[in-house]
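Shown next, in structure tokens, is the structure this report addresses.
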Amino acid sequence: MIVDAILSPEFLNATLRATTPILFATLAAAVAAKCGIINMALEGIMLFSALFGVLFSAMFQSGILGLLATMVMGGLIGLLLAFFVLKLKTDEILAAIAINLIANGATILILLMLSGDRGVSSSVKSVPLPRISIPVIENIPYLGAVISNQNVLTYVSLIMVVVVHIFLYKMPLGLRIRAVGENKNAAESVGISSKKIQYIALVISGVLASMGGFFLSGGYMTYFTTGMTAGRGFIALAASFMGGNTPVGGFSVSLLFGASSALSNILQLGNWPYEIIQMLPYITTIIGLAIYSYVRMKKRQKLSDRG
Amino acid sequence: MSHNVLEMKNIMKIYPNGIVAVEDVTLELQKGEIHALLGENGAGKSTLMKVLFGLESPEQGQIFLNGEEIQLKSPLEAIKKGIGMVHQHFMLVSSLTVAENIVLGIEPKKSIFVDMNKAIDISKELAKKYNFDIDVTQRVEELPVGIKQKVEILKALYRGADILILDEPTAVLTPQETEELFVQLKKLKELGHTLIFISHKLDEIKSICDRATIMKSGKSKGTYKVSEISTNEMSKLMVGRDVVMTFDKKPLSLKETALKVRNLIVEGTTGVVRVDDLSFDVKQGEIFGIAGVEGNGQGHLVEALTGLTKKYCGDILIFDQNISNKNINEIRKLKVSHIPEDRMTLGCAANMNIMDNLLSNQYQSSEYSGRFMLKLKKIEERVNKLIKEYLIKCKSYKQNVGMLSGGNIQKVVVAREFSTEPKIIIANQPTRGIDVGAASFIRQRIIEFRDAGCAIVLISADLNEVFELSDRLAVMYKGKFSGVFTDVKKLTEEELGKYMLGIKKDEVLEGIIYE
Amino acid sequence: MNSSNKFDILRMVLAVGIALLISFLIILIASDEPLRAILELLTGPLKSTRSFGNVIEKMIPLIFTGVGISIMFSANQINLAGEGSFHLGGLVATYIALNAAIPMGLSPWVCVLVAGFLGSLVTAVPAVMKIKTDSDVLVSSLMMNYIIVFFANYVLNYILRDPKAGAVVSFAIPAHIQLNSIIPGTRIHLGLFIALAVAFFGYVLLYKTKIGYEIRITGENMDFAKYSGINVLKVTLISQLIGGFIFGVGGGVEILGMYSRFSWTSSLGYGWDAIIITTLAKKNPLYVPFAAFFLAYLRTGASKMSIATNVPTEIITVAQGIIILLVVAEQFLSKYKHKMIAKEARLSLSNAKEAE
Amino acid sequence: QSGETKAEYNAALLLNGNLGDKSFFDSANQGLEKLKAELGADKFDFKVEQMGAKPEDEPKWEPTLLEYCDKKEYDVIIVGTWQMYDALAKASKEFPDQKFIFFDETFDFSSGEHKNIYNVLYKQNEVSFLVGAAAALMTTDGSLPMIDPSDSNIGFLGGMENPIINDFLVGYIQGAKEVNPDVKVKIAYVGDFWDSAKGKDLALTQYQSGGVDIGYNVAGAAGLGQIEAAADANKYAFGVDSDQAALLPEMAEFIPTSALKNVGNSIIRAIKLDLEGKLEYGVAESLGFSEGGVEIVKDAHYEKMVPEAIRTQLDELEQKIISGEIVVDTALGKSTEEIQAIKDSVQ
Ligand SMILES: Nc1ncnc2c1ncn2[C@@H]1O[C@H](COP(=O)(O)OP(=O)(O)OP(=O)(O)O)[C@@H](O)[C@H]1O
Ligand SMILES: Nc1ncnc2c1ncn2[C@@H]1O[C@H](COP(=O)(O)OP(=O)(O)OP(=O)(O)O)[C@@H](O)[C@H]1O
Ligand SMILES: [Mg+2]
Ligand SMILES: [Mg+2]
């Protein structure tokens, strides 16, 4: 029965769903990593965005406007991180930890002030983004059930993989981001301001992460609950790292993560110890990380032997 | 008569650490010439060029381009004015392709995208125009250094460089690659570009340059037509000593052989042979000087001797023990001390205090620690003693080393390395970038150790130093010894300059090995 | 004390001040009786023995984690798996307390020691992965924490769980194994002394022993350490083993001191707290108890405030974040630092002249 | 509200969790709100303290409780659940003059002390029995719009494996088997009581891959995920602890009814008795169907959603429980293996 469940289109459908928030954050991590900065504040940015997504969409009574406002806010947090890291020379990890901490406290604080409870924002009447079915694809037997009837943002996240890929690899700014991340001096020797580029990259990273946060409370769920990001920002960091900090690589790893998380849900149908099943995605990540790093290390050694 | 495209007048540059790198230098470039800039290591050549490329702002002086005064605050401005620079160290993004590196920052666009095809076409055309044989779609990390050098040049040319600065472009090239580069530089000249060419190799300068400006200790020694000056005269101007300091040295008294090197071959990270089949001996009681222009393999030799690299073949014996399987700690236990070339990266931990920095090679000795604990009282005594003995200027040993001046940091390093009763000292550029007082203090110490029977290998690009200190002197050129002199006093500067610059080379090296 | 140290302290005080000021502003907006709230925040913990006891008992786990992370950070190893070590330490201490027959007086000590050893295994995983496969320690240690929590849940549910209890908790830990309260009317337990001893031990280790010296030198400049003949791989591994050990002991002590049953079913966040502490303590274990006291005081004050008024405690979480941001911002007030140094230099110059 | 208490009778509700779960704690809070509205703020007032449910919040539960006792401002302090037991026992001993209401867990009065605690319990297994029966009946009823009658799979989403949650489960399984011995129950646990996204994922998996078309959530805030999942998948989900169909009107069409533990009502009742000086402290009361401690919501919405035949059958079952003809099994005191056996019986 479990095998049936895994082969069913619903499994892939669930996989895509679980992948979406991680994917956004993974893309965010990749853009930041490409400019040479580890953005560990993704978790905090997503958490803020999950809350503000609800608040903004309730304020505008529009999911789209809510999303746009949230993206602006995500960009602002990215800017804040950049300001501390680039201008005030704060250690990027510690700055991110501080932002995450502030997100933890501030989201509860704001929720409490607005709705009187610490747990859920369901008293705020927000407008989530809808799920949509795609006319033609919907009717293709298997594929239709996998791809169709997902949330708008799931499609957006898939499109974003392409967009970020094109951005990083086909557009001038992306080229500069990659150059700065790899060799600051080289970039500066041709007159590029590396700081400016890093500022821009972190803002973009913040915007992408905020879309992941918005999805949690305004797409997948229809309200905010405290701590609802549940470590997805950190997982995304791992996914991006394992994907070689490329959008496509990051996508495949987040898909793997989404799949193992969907699988852990399916395995619960089989009445197995759920604690062990819940470990699956993390064990997958840690083993994957070891293998990936090992291969990369060997490759580097070879390169320096030969080169 | 051709007119001056560029004039740098009375340029002075003082670094924040107080070093006067360039002192009142004037440089005039004529249109379409290849202008050599030569001088010893540390003469200020790179600094002068960085000023010209807008990377460093001068304390004083003016720059005129085609007779008009210009201000260069950033590389971007220099690029806009048609000045390009190929740096002493590569400035390339390895994972990008050649074409991407070339267009970086001023990419050709198709709507909002980089027009990659156009970038490739441009790069190809550029390469073709200047006769460079490069596959522009390859990633830079896959290229040999010779090609990388060419990419650097293309980068500058793409930015419309009329004046192209080449800071030691041949330092990393093989003779064939150098030949090829020269063909292309000549072509550039034909096309009307003006080139500044920095090199330590006089034959190179002879073969392609029109005029040469010689620098020495931050000052200009004049500009000469290359055809009217002999290599001997050039090398004399370059290396001529300014102050002759003399040190009291006891007569040489050699003891056992401390260091025995046989057929040593060391490869660099890029796979190029850096030390090429060297054999030599050093005995206790002598200073074995190794002179040479930087980048001729001295660094790699030191790495092998001190255990920092194990990528070598041949034998290194320290008191008859082969060290190929010994780690750094075990080598140090054989009483080997090492003054590293770069005090900030290898020689100290800038954010730790003087005591911690003076301790790193001694904390394991039973005098200063037990099984687990450090004997802090004893250590403190020792540290205070060393601070006094080596005249380290500081408030107390609790001060972080990074807060000290360069000379005092070097004294900390030297004090540490000399305080372990070493039997062998590998001193690599022990007085680089520090003031005269501190330098002569350190040199005096080195002599005291020699007199006390220590074997010393002194690697230095500073001719004053090797002349004054060495009992025996070898000159390193392209990974080999080009000459060995057992009677240093008889050696003239011109002679040494010729060996250093590869003008002269001895096939048979007498006195390098003790039988 | 030189000017730079003086400046660092000044900057820390200012950072804390600014963070509190921002919190006060929020309180001013959020509360209809802001003055009472602020007063309660600042003096609440002092109002009774029990309140002050709350500060001290909160401080205990913070000391352990602060010291543990300080040792790892001193070697420049950003290993965050201490969180997992702490969690596992609590689990293991409970397991031993419930299952092993150990002589009476020894029991808590044995529990805590074994907790430490297993705790060091947790931080060792990312450390060994780094050495063997060059995996990023930050990423692997974060993943490790999740695995430990689920593992602990499994053990709790299938091995330690008391079916008669109305929640997912272990059987009750026998009273003689628990760490007793040492001050009547409070829950301050024996763990306080262990914690202070660990802080002192950490200080001695880092600043008075050979391995501590190696740890610091490796953390400050790994190339210099290598050049000096130090086996840096060994040193980084040891620092993480010791760090994990202390986290593990901390988890054990916390369970035996503050809980009567193991009930941790999700991450407790002590790993993050540890980073606040080590930032405030500048990685020096000797300052860790002070930083821990500060944080514990602030948090106790916050909960007093929320009980007395309707101002939520989360304000203090936000303040903590701001404190970290400002304390670690190198350029924060750097202009002032420059001036201070210049002034001092001029002063010493004129002094020197006078002396002549 | 202010820290100074002004009303004639003041209560403090200390939650070892947070408001907003739309179930258990909200129900207690609503009871007090209702009472305040009924009696007026000058007669009755209360303060709610949300102490948080995460493990790191745990060490502050006891100090907070003691702190409230210390203040001596509250006529009664209300706490609930097993996790507050030890702290309450300590507080009641240390402050013999302070009155407490303790809900949803048995307090052991055998020592003769603790004469200041009134203990109220709910028979969640009884109400779950009825829900289980309803689910098993509905899942094979082809007349319902969102049901696939060909199989008889029903779902259960728990927050965590703990005795109270299992008590719900045991009653649910027994009720389902009572009306359909072949019923299959898909069981999943979120792992906590707040990750509603995870709850939704699990429930969606049950609905979409497990053949479940009707579920029951007992997972606090995380359980809201099951209701969302039902709405997404066009399936049914029973609510719990509060009338979730009424609380979530936009999703009401997927919630046939909710199982209620009338925490709020029981507190109202207790405080009213106390106001009259008639509340007996030092005893425990267990409230089942007959005492109004538990119920399923039977309003117009329920009648619309659940076919009459099924409703009739449920009423009969309820009567049998009240009369004692049916004894509903309880998970309290059962070992993990025994619980597992019960679960295995419906796989
Ligand atoms: N960034 C810097 N900060 C401080 N001092 C510097 C810096 N760069 C160079 N110097 C010092 O300035 C002096 C001149 O250095 P410069 O690099 O210009 O010499 P160079 O002639 O290019 O030598 P080489 O032939 O070795 O490249 C040296 O003493 C050097 O140590
Ligand atoms: N980063 C720093 N922060 C604070 N003070 C510093 C710093 N670097 C240097 N100093 C102080 O500034 C003074 C001058 O330093 P500098 O390196 O310019 O010395 P110097 O004149 O070049 O001496 P030397 O020839 O020994 O290198 C020294 O007294 C030193 O203590
Ligand atoms: Mg140079
Ligand atoms: Mg200096």
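With respect to the conditions (1) under 30 Å from A:GLU182 (Cβ atoms); (2) in contact with a Phe, Trp or Tyr (Cβ under 7 Å, 6 or more places away or on another chain), B:ARG211 falls short on a single one, namely (1). Among the candidates A:ILE159, A:ILE140, the residue that is of a type in the set (A, V, I, L, M), open to solvent by 20 Å² or more (accessible area, probe 1.4 Å) and either under 29 Å from A:THR246 (Cα atoms) or within 14 Å of chain D (Cβ to nearest Cβ) (or both) is uniquely A:ILE159.
The residue that is least open to solvent (accessible area, probe 1.4 Å), counting only those in the range B:217-236 that are part of a strand (DSSP E or B) and closer than 15 Å to B:ASN10 by Cα, is B:GLY222. The combined condition, being free of Cβ contacts under 8 Å to residues at least 12 places away in the same chain, polar (S, T, N, Q), in contact with a Ser or Thr (Cβ under 7 Å, 6 or more places away or on another chain) and crowded, with 24+ Cβ neighbours inside 10 Å, is fulfilled by D:SER209.
C:ASN79 satisfies every condition listed in (1) at pLDDT below 95; (2) open to solvent by 10 Å² or more (accessible area, probe 1.4 Å); (3) under 20 Å from C:LEU206 (Cβ atoms) except (2).
Scoring D:THR257 on the criteria (1) within 14 Å of another protein chain (Cβ to nearest Cβ); (2) within 27 Å of D:GLU178 (Cβ to Cβ) leaves a single failure, condition (1). Does C:GLU40 qualify as being within 14 Å of chain D (Cβ to nearest Cβ) and closer than 30 Å to C:ILE217 by Cβ? When the stated conditions are applied, C:GLU40 does not pass them. From the list D:VAL218, D:VAL190, D:VAL283, the one residue that fits, being more than 13 Å from chain A (Cβ to nearest Cβ) and modelled with pLDDT under 90, is D:VAL283. Screening B:GLY84 with (1) more than 30 Å from B:ASP24 (Cβ to Cβ); (2) open to solvent by less than 20 Å² (accessible area, probe 1.4 Å) gives one miss only, at (1).
For B:ILE442, state whether it is crowded, with 22+ Cβ neighbours inside 10 Å and more than 16 Å from ligand 4 (Cβ to nearest atom). Answer is no for this residue. Output the qualifying pairs, or none if there are none: Cβ atoms under 6 angstrom, residues six or more apart or on different chains, first residue in the range B:394-419 and more than 12 Å from every other protein chain (Cβ to nearest Cβ) and within 16 Å of ligand 1 (Cβ to nearest atom), second residue of a type in the set (Val, Ile, Thr) and not in a helix (DSSP H, G or I). Close Cβ pairs (under 6 Å, with a partner that is of a type in the set (Val, Ile, Thr) and not in a helix (DSSP H, G or I)) amount to B:GLY406/B:ILE434; B:GLY407/B:ILE434; B:ASN408/B:ILE392; B:GLN410/B:ILE434.
Which one is nearest to B:ILE354 (Cα to Cα) among residues in the range B:397-423 that are away from ligand 4 (no atom under 16 Å from the Cβ) and hydrophobic (A, V, I, L, M, F, W, C)? Among residues in the range B:397-423 that are away from ligand 4 (no atom under 16 Å from the Cβ) and hydrophobic (A, V, I, L, M, F, W, C), the one nearest to B:ILE354 (Cα to Cα) is B:ALA415. If you go through the range D:46-59 and keep only what is within 7 Å of chain C (Cβ to nearest Cβ), modelled with pLDDT under 85 and under 21 Å from A:THR225 (Cβ atoms), you end up with D:LYS54, D:PRO55, D:GLU56, D:GLU58. Looking only at the range A:166-182, residues that are more than 16 Å from A:ALA82 (Cα to Cα) and either aliphatic (A, V, I, L, M) or open to solvent by 40 Å² or more (accessible area, probe 1.4 Å) (or both) come to 10 in all.
Pick from the range B:417-439 the residues that are among the polar types (S, T, N, Q) and surrounded by 18 or more Cβ atoms within 10 Å (Cβ to Cβ): which of them is nearest to B:PHE280 (Cα to Cα)? The residue in question is B:ASN428. Identify, from the list B:LEU29, B:LEU38, B:LEU96, B:LEU48, the residue that is modelled with pLDDT of 90 or more, touching a His at 6+ places or on another chain (Cβ under 8 Å) and away from ligand 4 (no atom under 16 Å from the Cβ). On inspection, the qualifying residue turns out to be B:LEU29.
Counting the residues of the range A:224-242 that are open to solvent by 10 Å² or more (accessible area, probe 1.4 Å) and either more than 7 Å from every other protein chain (Cβ to nearest Cβ) or more than 30 Å from C:ASP134 (Cβ to Cβ) (or both) gives 4.
The condition of being more than 16 Å from ligand 3 (Cβ to nearest atom), among the aliphatic types (A, V, I, L, M) and more than 21 Å from B:LYS225 (Cα to Cα) holds for only one of B:ILE19, B:ILE34, B:ILE63, that being B:ILE63.
Among the candidates C:ILE131, C:ILE230, single out the residue that is assigned to a loop (DSSP other than H, G, I, E, B) and either away from chain D (no Cβ under 13 Å) or under 20 Å from the mean Cα position of the chain (by Cα) (or both).
Every option except C:ILE230 fails the conditions.
Just a yes or no: is a residue in the range C:94-113 under 16 Å from the mean Cα position of the chain (by Cα) and either crowded, with 24+ Cβ neighbours inside 10 Å or closer than 25 Å to C:GLU220 by Cβ (or both)? No, the range C:94-113 has no match at all. Inspect the range D:161-180 for any residue being under 27 Å from D:GLY288 (Cβ atoms), under 20 Å from the mean Cα position of the chain (by Cα), modelled with pLDDT under 85 and assigned to a loop (DSSP other than H, G, I, E, B) and give the result as yes or no. Scanning the range D:161-180, I find at least one residue that is under 27 Å from D:GLY288 (Cβ atoms), under 20 Å from the mean Cα position of the chain (by Cα), modelled with pLDDT under 85 and assigned to a loop (DSSP other than H, G, I, E, B), so the answer is yes.
Please verify whether the range A:198-219 includes one or more residues that are free of Cβ contacts under 8 Å to residues at least 12 places away in the same chain and not β-branched (Val, Ile, Thr).
No, that holds for no residue.
Here is a check on your reading of the model: is B:THR178 surrounded by 18 or more Cβ atoms within 10 Å (Cβ to Cβ), more than 23 Å from B:GLU40 (Cα to Cα) and of a type in the set (S, T, N, Q)? Taking the combined requirement at face value, the residue does not satisfy it. Screening B:GLU77 with (1) under 26 Å from the mean Cα position of the chain (by Cα); (2) within 13 Å of chain A (Cβ to nearest Cβ); (3) away from ligand 3 (no atom under 16 Å from the Cβ); (4) open to solvent by 50 Å² or more (accessible area, probe 1.4 Å) gives one miss only, at (1).
Each residue in the range A:247-293 was checked for being of a type in the set (A, V, I, L, M), more than 14 Å from chain C (Cβ to nearest Cβ) and under 19 Å from the mean Cα position of the chain (by Cα), and 4 of them qualify.
Right, B:LEU386: farther than 23 Å from B:VAL293 by Cα, out of contact with any strand residue (DSSP E or B) (no Cβ under 6 Å at 6 or more places or on another chain) and away from ligand 2 (no atom under 12 Å from the Cβ) or not?
On the way: farther than 23 Å from B:VAL293 by Cα: yes; out of contact with any strand residue (DSSP E or B) (no Cβ under 6 Å at 6 or more places or on another chain): yes; away from ligand 2 (no atom under 12 Å from the Cβ): yes.
So B:LEU386 passes the test.
When you go through A:ALA69, A:ALA50, A:ALA98, A:ALA58 one by one, which is the residue that is within 13 Å of another protein chain (Cβ to nearest Cβ), small (Gly, Ala, Ser) and either surrounded by fewer than 24 Cβ atoms within 10 Å (Cβ to Cβ) or over 25 Å from C:LEU295 (Cα atoms) (or both)? Walk me through how you get there before you give the answer.
Numbers: A:ALA69 fails: within 13 Å of another protein chain (Cβ to nearest Cβ); A:ALA98 fails: either surrounded by fewer than 24 Cβ atoms within 10 Å (Cβ to Cβ) or over 25 Å from C:LEU295 (Cα atoms) (or both); A:ALA58 fails: within 13 Å of another protein chain (Cβ to nearest Cβ).
That would be A:ALA50, the only listed residue that is within 13 Å of another protein chain (Cβ to nearest Cβ), small (Gly, Ala, Ser) and either surrounded by fewer than 24 Cβ atoms within 10 Å (Cβ to Cβ) or over 25 Å from C:LEU295 (Cα atoms) (or both).
For the range B:41-58, which residues satisfy the criterion of being open to solvent by less than 30 Å² (accessible area, probe 1.4 Å), in a loop (DSSP other than H, G, I, E, B) and closer than 17 Å to B:GLY497 by Cβ? Within the range B:41-58, B:ALA43 is the sole residue that qualifies.
The values are calculated or read from the model by the stated rules, or taken from the named source; none is laboratory data. Quick caveat: nothing in here was measured; it's all calculated off a predicted structure. A quick note on method: Cβ atoms are made from the backbone with ideal geometry, for glycine too, and the neighbour counts reach across all protein chains shown. Heavy atoms of the whole protein, side chains included, go into the accessibility calculation; ligands, DNA and RNA do not. Shrake-Rupley method; radii C 1.70, N 1.55, O 1.52, S 1.80 Å.
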